[in-house]
1. Just for helices (runs of 4 or more DSSP H) wholly inside region 199-284: which have at least 1 residues that are surrounded by fewer than 19 Cβ atoms within 10 Å (Cβ to Cβ) and either assigned by TED's automatic domain parsing to the domain that holds residue 551 or in contact with a strand residue (DSSP E or B) (Cβ under 7 Å, 6 or more places away or on another chain) (or both)?
2. Keeping to region 34-46, report how many residues are over 22 Å from the mean Cα position of the chain (by Cα) and assigned to a helix (DSSP H, G or I).
3. I need the full set of residues from region 588-612 which are touching a helix residue (DSSP H, G or I) at 6+ places or on another chain (Cβ under 7 Å) and outside any strand (DSSP E or B), in order please.
4. Listed residues 512, 482; which is at pLDDT 80 or above, buried (at least 21 other Cβ atoms within 10 Å of the Cβ) and closer than 21 Å to residue 702 by Cα?
5. Can you pull out the residues in region 403-412 that are closer than 22 Å to residue 216 by Cβ, over 10 Å from the mean Cα position of the chain (by Cα) and not in a loop (DSSP other than H, G, I, E, B)?
6. Looking at region 57-85, which of its residues are in contact with a helix residue (DSSP H, G or I) (Cβ under 6 Å, 6 or more places away or on another chain) and surrounded by fewer than 16 Cβ atoms within 10 Å (Cβ to Cβ)?
7. Being surrounded by 18 or more Cβ atoms within 10 Å (Cβ to Cβ) and part of a loop (DSSP other than H, G, I, E, B) is the requirement here; does residue 88 meet it?
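The values are calculated or read from the model by the stated rules, or taken from the named source; none is laboratory data. Source: prediction; values computed, not measured. We place every Cβ from the backbone using ideal geometry, glycine too, and count neighbours over all the protein chains shown.
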């Protein structure tokens with residue numbers, strides 16, 4: 001075995017710097033390669049950038065005496081030196097991408113070993129041999145091109161950037177004719193569609209985006225209102241208010257359009273209208289530069305120019321960034337938490353004296369204001385854009401697609417959405433699992449897709465959006481979807497049903513996938529394998545305070561929604577009284593609170609209590625029974641009811657009283673209490689109140705799951 005990493009030695013800070021720098025460079029490398037593969041070209045800047053990345057990794061690895069890494073980086077540096085001088089032929093382009101991505105995976109693996117203090121490899125002979133073979137191959141033939149766009153099978157724009165050897169800077173773009181530029185055939189008709197989505201579906205802009213994608217399979221969507229659907233926070237509100245308008249050019253008949261649109265979940269109505277409304281329905285806040293006139297293609301040169309400018313702009317910001325150890329931020333967060341608690345203690349003890357001091361009131365209000373600001377700043381420091389996580393998924397789609405010979409278009413939306421660093425780390429694995437599932441089991445093979453009249457290129461859409469105080473992330477595909485009948489049969493065989501099968505709603509059947517013990521190897525063939533490890537995904541999402549729900553339609557695809565909190569440390573909570581104890585319920589789980597009379601209480605045949613609110617029946621859960629509280633209100637008139645939800649499930653909680661809404665600092669339950677399975681009894685954590693006493697935080701998802 002090779003050199004063991006020295007992670008715990010005195011070189012800690014140098015080693016940490018090395019790891020951070022290597023990970024950043026490898027991320028950059030992967031991004032360049034995947035982007036180049038999308039564009040089917042490797043520009044001169046890309047080649048120079050890859051050369052520079054390898055040169056840096058080689059130097060720093062040699063300094064740290066990680067020979068295998070230094071040697072590998074050196075080999076790649078040699079390779080790109082040759083490519084920089086002589087160019088790369090189109091037929092070698094794919095193999096080059098595979099080779100360099102394999103190197104990136106190897107180097108990343110070694111960096112991980114260094115972090116975990118494991119033995120490193122002495123050398124990687126297989127990769128070195130592959131590189132040698134590739135080098136001799138590209139040196140063999142005439143090198144008259146550095147980059148050529150491979151014409152897309154679907155008829156995309158092809159850019160031939162050939163030039164004479166040795167003069168890369170004279171590369172000239174020659175526009176080639178595109179299949180899209182052909183005039184429409186005579187039997188195509190122009191339809192104006194007006195769609196409304198169901199009221200409570202949320203993320204209307206993403207639903208509309210998915211509808212557009214679906215309609216593209218039977219025709220061409222020329223224009224939509226709102227024009228910009230992704231990365232436009234106002235689009236959802238506009239669609240909710242006015243509905244979604246789109247102009248479709250297609251040879252399909254109205255029935256086909258209706259059935260295609262209805263295959264998208266949450267489409268409520270679809271109308272054919274004569275023309276778009278006269279008045280402008282979009283608000284003026286939509287950025288003008290984001291609007292592209294209907295039917296116009298964005299010129300590749302312009303988009304490349306824009307990307308280049310963006311790159312220059314982002315590189316100018318580098319000097320304003322500073323990397324900080326996450327542990328230091330955790331400590332800072334804990335300190336802020338302590339300040340919040342101490343502040344409420346100070347204010348609470350003064351109020352006990354009942355003597356109002358005007359000066360104290362003024363200064364205490366100012367202190368509260370500053371504490372809140374400080375808290376917000378610390379929170380924002382910990383926030384990172386989700387773009388980095390989304391980029392990792394792109395690599396998974398690429399690798400899985402190659403392995404399974406599936407052609408898949410990967411679409412991301414809302415990459416700028418910011419999430420707490422701790423939460424990002426917690427959701428990366430579940431997202432990876434969901435994306436892999438979509439690729440492996442959701443998206444059918446090209447032959448299967450063509451047989452049912454689908455576009456042979458599948459779609460996987462990954463999106464993130466701020467909804468209230470939460471982030472909603474969705475993983476969607478236009479694959480085969482889930483069959484509820486098969487799921488129910490499988491769950492029955494495994495004895496996972498808790499009630500008669502005819503009582504299960506479709507939503508509940510889909511959620512059975514996430515039941516522990518649902519998955520077996522045979523599931524992969526029988527039901528598209530979506531059950532594999534979904535219980536683990538659910539557990540990981542709940543670990544960061546989130547919830548997961550699944551929507552699917554057989555033959556059309558599946559959407560998985562993850563609802564996760566912005567941050568875990570300080571949340572808004574409602575203090576409630578149950579008997580002689582105080583508890584906290586996170587505001588994000590509360591829908592409303594109210595009082596009822598005893599005649600509004602319903603009992604089902606099994607003596608379970610239910611409450612009817614606006615025509616919907618909700619189960620009633622008495623918190624006194626769960627927490628065994630003494631001195632409690634048992635009469636329904638004397639207590640208060642609260643409607644709560646955990647993403648998918650709703651219920652009414654019965655308690656004595658509501659006390660106040662306030663900011664609470666979430667403290668984990670001490671580890672030594674784990675043997676008493678406190679988590680299973682409906683407690684998520686605890687907080688310290690202003691008077692110094694401890695209040696327990698109610699775990700709404702686990703209570704709703706159990707009762």
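1. On the way: elements: 204-215, 235-242, 254-262.
Filter on region 199-284 gives 204-215, 254-262.
2. Step one: filter region 34-46 for residues over 22 Å from the mean Cα position of the chain (by Cα), giving 36-37, 39-46.
Among the residues that remain, those that are also assigned to a helix (DSSP H, G or I) are: 36-37, 39, 44-46.
The qualifying residues number 6.
3. Initially, region 588-612 is screened for residues touching a helix residue (DSSP H, G or I) at 6+ places or on another chain (Cβ under 7 Å), giving 589, 611-612.
589 - this is the single residue of region 588-612 that is touching a helix residue (DSSP H, G or I) at 6+ places or on another chain (Cβ under 7 Å) and outside any strand (DSSP E or B).
4. Details: 482 fails: closer than 21 Å to residue 702 by Cα.
From the options 512, 482, the qualifying one is 512.
5. Within region 403-412, the first condition is being closer than 22 Å to residue 216 by Cβ, and the residues that meet it are 406-412.
Now restrict to residues that are over 10 Å from the mean Cα position of the chain (by Cα): 406-411.
Result: 408, 409, 410, 411.
6. 62, the sole residue that qualifies.
7. Working: surrounded by 18 or more Cβ atoms within 10 Å (Cβ to Cβ): yes; part of a loop (DSSP other than H, G, I, E, B): yes.
So residue 88 fits the description; yes.
Per-residue answers, yes or no, for (1) within 23 Å of residue 452 (Cα to Cα); (2) out of contact with any helix residue (DSSP H, G or I) (no Cβ under 7 Å at 6 or more places or on another chain):
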| position | (1), (2) |
| --- | --- |
| 210 | yes, yes |
| 214 | yes, no |
| 219 | yes, yes |
| 222 | no, yes |
| 230 | no, no |
| 233 | no, yes |
| 237 | no, yes |
